[in-house]
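**Student:** My questions all concern the structure below.
Throughout, read-outs are computed from the coordinates displayed, never taken from laboratory work. Predicted model only: the values in this text are computed from it and were never measured. FYI the Cβ positions are ideal-geometry reconstructions off the backbone, even for glycines, and counts take in every protein chain you see.
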Amino acid sequence: MKELSSLQIERLKYQPKLPASLAGGINNLSMVEGSKTECVKDAEQIKELFANTYGKPVVTFKTTSTTESCAKRNIGVILSGGQAPGGHNVIAGLYDALKQSNPESKLYGFLGGPSGIIEGKYIEFTDEIIDAYRNTGGFDIIGSGRTKLETEEQFQSSLKVCQNLGITGVVIIGGDDSNTNAALLAEWFVKNNTGIQVIGCPKTIDGDLKNDQIEISFGFDTATKTYAELIGNILRDANSAKKYWHFVKLMGRSATHVGLEVALQTQPNITLISEEVEEKKMSLKQIVDYMADIVAKRAANGKNFGIALIPEGLIEFIPEFKSMIANLNDLLAVLEDDNTYTYADESDKFEIIESKLNAQDSAVYASLPVLIKQQLLMDRDPHGNVQVSKIETEKLLIEMVTARLAEMKKEGKFDGKFSAQCHFFGYEGRCAFPSNFDADYCYSLGYNAFALMKFGLTGYLSSVKNLSVPASEWVAGGVPLTMMMNMEKRHGEFKPVIKKALVELDGPVFKMLEANREKWALEDKYIFPGSIQYFGPSCVCDITTETLRLENAAKLATV
């Protein structure tokens, strides 16, 4: 028996709330179909690649007085990609719905992510296993992985494993890339008349898997509250010691939803938004000048301290860096396949890289400190891209702001002190105890995933909407995975992927930051949110993110 903390013992007792449409029971549901759907971009190519699953309607569920019993079914579940708080509750919701439909049904968990279904590594879930993980963080119940499901051999192996276990449905819990896997597997299973359904669940703390049907991905609520607590603590420390600038890099490679949400919760002095940098075509020099100017203005008021939030993926959104990294990704893919290239030492490798990049990109690469050059050449991620989380952008900015302030001091524009500390908050938020919101939301997503299977659907993403109101008023249903897809370049080839949702600069969330940015920069309007609360009044325990509150308020205002 594993050791349990007092909090975990109490959290195991928590009963997640379901939407009213699901709370009546899995065998008392009816389904309502909407109109047929189209993908967000590249319709002809996506339609050709997903000929059997494209264009399905959005669906919703409602309670009915008619009870329909279900035949025994075996279902498999996969945790895919990076961890996000609430994953265990998705599995618990799926398990409870499955057992409620027919107690003889079985749920299998594939171990280590998508590789588990390929290699036939699994466990059968029991009440005892599930009950030990309810409302807890992490993915340790079965582990996760980042194996891509995209080849004929992988699909054939997955089919064989499912047939051996009598599995007729697979739920893939993951982000945009993982649910692209789900879409590809669903299409292959239909094309080959296997009778196996595939349903996805929207997971990512980055918050970039969303649209009109997916208001928020699970884990975002808990992770941003966890980071906000840490940053609130740092803000209070800075305001107490009054001698350090803290540069904090926050997880979120392709979008700045995390940084934006945390900024609204804590009100730091500087918040960089990657999408804004790209839209305004800001150079690295302009970013450094902007930051140094705020440091100098605060110093003039006797405040030699502050905090700056830096998005993990910032470097890829700076125009000259974006071009250079794209060129570098393509170049490294070629060099990795060309065994004729050997390097005498590190400087020799830098010179070869610079000689192979185009002139403009080569100049950018050559201008970087050795540390950043090294980090740009680290092993690619599974999609062939630079691992931006390993690029210490916060250190680069500290170095460059320090240099700029030295210039300003010579020019008589800065007469203060600048001492900086750097932090990177990423892993700290991925496996936290899920908030009440995420515990409820994730349980509903898992329960709803089985409802989609009950009605024979495949190639769908579990969708629970209307999330800024009490859980009983949430709307459960499903959205076709193909609806969110477009074509993007990966490993030098165009492939179908789910389109990431970036921060909308004309949206209510960014506008809130923009309206307060100048005031927060110079005045100490810090908020100290404290830790996530699990027990107490609903106004403290069940609140969701500022992002979701502002976005849904804006929708209601247009109705």
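**Student:** Given charges of +1 on the Cβ of Lys and Arg and -1 on the Cβ of Asp and Glu, with all other atoms neutral, how large is the dipole of the chain about its Cα centre, in debye to the nearest 20?
**Tutor:** 1100 debye
**Student:** Moving on. Kindly write out, for segment 368-381 in residue order, the coupling ³J(HN,Hα) from the Karplus curve 6.51 cos²θ - 1.76 cosθ + 1.60 (θ = phi - 60°), rounded to whole Hz, with x marking Gly and Pro.
**Tutor:** Going residue by residue, I get 7, x, 4, 4, 6, 4, 4, 5, 5, 9, 5, 3, 5, 6 Hz, with x marking Gly and Pro.
**Student:** Please give, to one decimal in nm, the separation of the simple spin-label points placed at Leu7 and Asp337, each 7 Å out from Cα toward the Cβ.
**Tutor:** In this crude label model, Leu7 to Asp337 measures out at 4.8 nm.
**Student:** Here is a further query. Taking 0.36 nm per residue of separation and subtracting the Cα-Cα distance, what length does fully extending Glu523 through Gln45 add? Show your work: numbers first, answer last.
**Tutor:** Numbers: separation 478, 0.36 × 478 = 172.08 nm, distance 5.17 nm.
Residue separation times 0.36 nm, minus the Cα-Cα distance, leaves 166.9 nm.
**Student:** Only helices at least 15 Å long along their axis, Cα-based, and averaging -1.0 or more on Kyte-Doolittle count here, so list those DSSP H runs from the chain.
**Tutor:** Working: long enough: 87-101 (22 Å, -0.04); 152-165 (20 Å, -0.67); 176-191 (22 Å, -0.24); 220-241 (31 Å, -0.18); 284-300 (24 Å, 0.36); 319-337 (28 Å, 0.26); 346-356 (16 Å, -1.05); 393-410 (26 Å, -0.03); 436-454 (27 Å, 0.00); 508-522 (23 Å, -0.35); 546-558 (18 Å, -0.27).
Flagged H segments are 87-101, 152-165, 176-191, 220-241, 284-300, 319-337, 393-410, 436-454, 508-522, 546-558.
**Student:** Length gain on complete extension for the stretch Thr151 to Asp345, per 0.36 nm per residue less the alpha carbon to alpha carbon distance? Spell out each step's value before the answer.
**Tutor:** Values: separation 194, 0.36 × 194 = 69.84 nm, distance 3.69 nm.
Result for the pair: 66.1 nm of gain on full extension.
**Student:** In segment 306-349, which residues have a backbone nitrogen under 15 Å from the label point lying 7 Å from Lys242's Cα in the Cα-to-Cβ direction?
**Tutor:** Residues passing the 15 Å test: 306.
**Student:** Specify the inter-centroid distance of segment 383-452 and segment 166-195, based on alpha-carbon positions, in whole Å.
**Tutor:** Segment 383-452 and segment 166-195 have Cα centres spaced 33 Å from each other.
**Student:** Which residues does the label zone of Lys160 cover in segment 103-135, counting backbone N under 18 Å from a point 7 Å along Cα→Cβ?
**Tutor:** Answer for this model: 111, 114-122.
**Student:** Okay, next question. Give me the one-decimal nm value for the distance between modelled label points at Glu124 and Lys555, 7 Å along each residue's Cα-to-Cβ direction.
**Tutor:** 4.1 nm
**Student:** How far is the Cα center of segment 6-66 from the Cα center of segment 210-263, in Å?
**Tutor:** Cα centres, segment 6-66 to segment 210-263: 29 Å.
**Student:** Moving on to the next point. Which of the GluC sites (Glu not before Pro) found in segment 404-450 are loop residues per DSSP with 11 or fewer other Cβ atoms within 10 Å of their Cβ?
**Tutor:** Details: sites: Glu407, Glu411, Glu428; in loops: Glu411.
For GluC sites (Glu not before Pro) across segment 404-450 that sit outside H, G, I, E and B with at most 11 neighbouring Cβ atoms in 10 Å, the list reads Glu411.
**Student:** Let me ask something else. Are any of the pairs Lys17/Lys555; Lys285/Lys519; Lys148/Lys203; Lys349/Lys489; Lys281/Lys390; Lys62/Lys465 more than 18 Å apart by Cα-Cα distance, and if so, which?
**Tutor:** Details: Lys17/Lys555 24 Å; Lys285/Lys519 23 Å; Lys148/Lys203 16 Å; Lys349/Lys489 26 Å; Lys281/Lys390 24 Å; Lys62/Lys465 13 Å.
Violating the 18 Å limit, Cα to Cα: Lys17/Lys555; Lys285/Lys519; Lys349/Lys489; Lys281/Lys390.
**Student:** When the helix-only estimate is applied to the chain (DSSP H runs of n ≥ 4, each -39,500 (n - 2.57), divided by the residue count), what is the mean residue ellipticity at 222 nm, nearest 500 deg cm²/dmol?
**Tutor:** On the way: 23 runs with 249 residues, N = 559.
So the calculated ellipticity at 222 nm is -13500 deg cm²/dmol.
**Student:** Sequence gap at least 6, Cα distance under 8 Å: using those rules, report the relative contact order of segment 328-466 to the nearest whole percent.
**Tutor:** Relative contact order here is 12 percent.
**Student:** Step through the residues of segment 303-313 one at a time and calculate ³J(HN,Hα) from phi using the Karplus curve (6.51 cos²θ - 1.76 cosθ + 1.60, θ = phi - 60°), rounding each to whole Hz and writing x for Gly and Pro.
**Tutor:** Result, ordered by residue: 10, 8, 8, x, 9, 10, 9, 10, x, 3, x Hz.
**Student:** Moving to a separate point now. As an exercise, identify the trypsin sites (Lys or Arg not before Pro) in segment 1-58 lying in DSSP coil whose Cβ has no more than 14 other Cβ atoms within 10 Å. Spell out each step's value before the answer.
**Tutor:** On the way: sites: Lys2, Arg11, Lys13, Lys17, Lys36, Lys41, Lys47; in loops: Lys2, Lys13, Lys17, Lys41.
Loop-located and lightly packed - Lys2, Lys13, Lys41.
**Student:** I'd like the FRET efficiency for Asn233 and Asn301, computed as 1/(1 + (r/R0)^6) with the beta carbon distance as r and R0 of 25 Å, rounded to 0.05. Don't jump to the answer; show the numbers that get you there.
**Tutor:** Details: r = 24 Å, r/R0 = 0.95.
Result of the calculation: an efficiency of 0.60.
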